[in-house]
Amino acid sequence: MTYNEKLLDDLLQANQDRRPDMLMRKYEAMRESAFRFFRATPSLFYQAMPPELLADTYPVCWSCADLHLENFGSFRGSNKLVYFDINDFDEALLAPVTVDLSRLITSLFVAAPLWRHSPETSWRLAHRFIATYRQMLLLSKPRSIERQTARGILNEFLKQVASRSRKDLLVRLTHGHGRKRHIRLIKNRFLPVPNDEQDTVWDWLKNALLEEANYTLRDVKFRMAGTSSIALNRYVALVESPNRKLHLLDIKATRSSVAEPYLAIRQPHWPNPANRIVALQNRLQDVPPANLWPLAGPNNDFFVVRSLQPQADRLDLTSKRIWGRDRLGMLIDTMAQLTASAHLRSGGQQGSAITDELIAFADKATWVSELVRWSETYAQQVFLDFTQFKTALKAGFFSRQVMLNEQG
């Protein structure tokens, strides 16, 4: 078979800063579905975005920049209530409003096989999302979603996750007692820190966590989670607080936003990527989690630290419980409201559009058809790229490249 050499080169380039010893795990995860491949390849999305959708006639706002159906989820806010909101800000930056809308709408079309939907159903859901988003901007009043304000399947979901406890999470993810408690090894989730890195990682985390939060480090494992970030340095740490309670922390390496090279928008100066991610999560969410901070690591790396919460979860897109049109439609409405609320909430800060500009944008519908049409077209490209990727993976192309990188 003749491969699309540009596609394969682009995938290699996008993953050149990943750990060679973990990279094949990412490629294997990407093989799961076209949707997971889409999640893992935001750089391909930005390369394909037409200039017409990035024109300076569109208002600029603080954006998730990787908005898709699985980047919404539940978490416990600093006020101890459980929320449903946008929950991934690794790529967040200043961008035209069309960036978040296009990526979310594309994800609707890519997810159609998971829901066994026809293109017509995806098209209707796409227009429903945009109609609700525009309506929310015109109301110009951000809202948040917690259990008391959620409806339908989302209310059931938040009620279920709110009942989970920190103790249950510790029992499930650790074993032993007292100071002999350790993090469990879980296949494709929690792995041993490689032998040649153990001392460096332990010494760095032990000192950094004690200095930053007065936490005593009890154990640390390598963590795999998500898709795009697989093969970056990421750890789960078991720590003891001054009141002798045990907590689990997610400690994730950061990078510059993958969207930035493709946007002709001057970005504010951030001390490092971790500061950008933490600042924008606080800016875009109504009530962010309590334990969320940037941390300097070895080798000039920067990490985002957050509590591993029992309440943090996401809806399973493959569940038949959400396939029904009414339930799914209500969920799409909620995601649209949250997207508009994030854009409104951060309005007027460091160059983002003020509310009046967002209202003027929402008041016009001339851009809607073009955005939906391009998103549907790009979704078809995702399916083609996914097929090419799977064929190359099966033929050993990526394993050979990873082996060469490890040897080099």
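The values are calculated or read from the model by the stated rules, or taken from the named source; none is laboratory data. Here the structure is a predicted model, which means the values were calculated and not measured. In this analysis, Cβ positions are derived from the backbone assuming ideal geometry, glycine residues included, and neighbour counts consider all displayed protein chains.
Limited to the stretch 31-66, what total is found for residues that are without any contact (Cβ under 8 Å) to a residue 40 or more places away in the chain and within 17 Å of Glu376 (Cα to Cα)?
Selection size over the stretch 31-66: 1.
Is it true that Ile230 is closer than 30 Å to Asp286 by Cβ, outside any helix (DSSP H, G or I) and of a type in the set (A, V, I, L, M, F, W, C)?
yes
Among the listed residues Ser346, Ser399, which satisfies the condition of being of a type in the set (Ser, Thr, Tyr) and within 30 Å of Gln281 (Cα to Cα)?
Ser346
Looking at the stretch 117-131, is at least one residue of a type in the set (Val, Ile, Thr), in contact (Cβ under 8 Å) with a residue 40 or more places away in the chain and either part of a helix (DSSP H, G or I) or farther than 23 Å from Gln281 by Cβ (or both)?
Within the stretch 117-131, one or more residues are of a type in the set (Val, Ile, Thr), in contact (Cβ under 8 Å) with a residue 40 or more places away in the chain and either part of a helix (DSSP H, G or I) or farther than 23 Å from Gln281 by Cβ (or both).
Those residues that are closer than 15 Å to Thr377 by Cα and either small (Gly, Ala, Ser) or in contact with a Leu (Cβ under 9 Å, 6 or more places away or on another chain) (or both), I need them from the stretch 111-122; list them, please.
Ala111, Ala112, Ser118, Ser122 - these are the residues of the stretch 111-122 that are closer than 15 Å to Thr377 by Cα and either small (Gly, Ala, Ser) or in contact with a Leu (Cβ under 9 Å, 6 or more places away or on another chain) (or both).
State the number of residues belonging to the stretch 151-160 that are farther than 11 Å from Val82 by Cα and in contact with a Leu (Cβ under 8 Å, 6 or more places away or on another chain).
3
Mind listing whichever residues of the stretch 276-292 are polar (S, T, N, Q) and closer than 14 Å to Asp250 by Cα?
Asn291
Among the numbered criteria (1) within 30 Å of Glu211 (Cα to Cα); (2) without any contact (Cβ under 8 Å) to a residue 60 or more places away in the chain, which one does Thr377 miss?
Unmet for Thr377, out of (1) within 30 Å of Glu211 (Cα to Cα); (2) without any contact (Cβ under 8 Å) to a residue 60 or more places away in the chain: (1).
Considering Leu358, Leu328, Leu338, which residue is assigned by TED's automatic domain parsing to the domain that holds Arg151 and modelled with pLDDT under 95?
Of the residues listed, the single one that is assigned by TED's automatic domain parsing to the domain that holds Arg151 and modelled with pLDDT under 95 is Leu328.
Quick check, is Arg306 in contact with a strand residue (DSSP E or B) (Cβ under 7 Å, 6 or more places away or on another chain), buried (at least 17 other Cβ atoms within 10 Å of the Cβ), modelled with pLDDT of 95 or more and in a helix (DSSP H, G or I)?
no
It is to be established whether one or more residues within the stretch 140-148 are surrounded by fewer than 17 Cβ atoms within 10 Å (Cβ to Cβ) and in a helix (DSSP H, G or I). Give the derivation first.
Just the residues of the stretch 140-148 that are surrounded by fewer than 17 Cβ atoms within 10 Å (Cβ to Cβ), to begin with: 140-141, 143, 148.
Still in the running and in a helix (DSSP H, G or I): none.
No, the conditions are met nowhere in the stretch 140-148.
Is there any pair with a first residue in the stretch 137-164 that is more than 17 Å from Leu315 (Cβ to Cβ) and in contact (Cβ under 8 Å) with a residue 60 or more places away in the chain and a second that is of a type outside the set (D, E, K, R) and in a loop (DSSP other than H, G, I, E, B) whose Cβ atoms are under 7 Å apart and which are 6 or more apart or on different chains, and what are they?
Final answer for the pair search is Ser144/Val287.
Can you report the number of residues in the stretch 150-166 which are in a loop (DSSP other than H, G, I, E, B) and either modelled with pLDDT of 90 or more or on the phi > 0 side of the Ramachandran plot (or both)?
4
List pairs: first residue in the stretch 268-282 and within 18 Å of Leu232 (Cβ to Cβ), second residue among the hydroxyl-bearing types (Ser, Thr, Tyr) and assigned to a loop (DSSP other than H, G, I, E, B) anywhere in the structure, Cβ distance under 7 angstrom, at least six positions apart or on different chains.
Pro273/Thr254; Pro273/Ser256; Ala274/Thr254; Ile277/Thr254
If you go through the stretch 254-272, how many residues are surrounded by 20 or more Cβ atoms within 10 Å (Cβ to Cβ) and outside any loop (DSSP other than H, G, I, E, B)?
Counting residues in the stretch 254-272 that are surrounded by 20 or more Cβ atoms within 10 Å (Cβ to Cβ) and outside any loop (DSSP other than H, G, I, E, B) gives 0.
Go over the candidates Leu238, Leu205, Leu249 one by one and state the one that is surrounded by 21 or more Cβ atoms within 10 Å (Cβ to Cβ), in contact (Cβ under 8 Å) with a residue 40 or more places away in the chain and part of a helix (DSSP H, G or I).
Details: Leu238 fails: part of a helix (DSSP H, G or I); Leu249 fails: part of a helix (DSSP H, G or I).
The unique qualifying residue is Leu205.
What is the one condition in (1) assigned to a helix (DSSP H, G or I); (2) free of Cβ contacts under 8 Å to residues at least 60 places away in the same chain; (3) surrounded by 14 or more Cβ atoms within 10 Å (Cβ to Cβ) that Leu217 does not satisfy?
Among (1) assigned to a helix (DSSP H, G or I); (2) free of Cβ contacts under 8 Å to residues at least 60 places away in the same chain; (3) surrounded by 14 or more Cβ atoms within 10 Å (Cβ to Cβ), Leu217 violates only (1).
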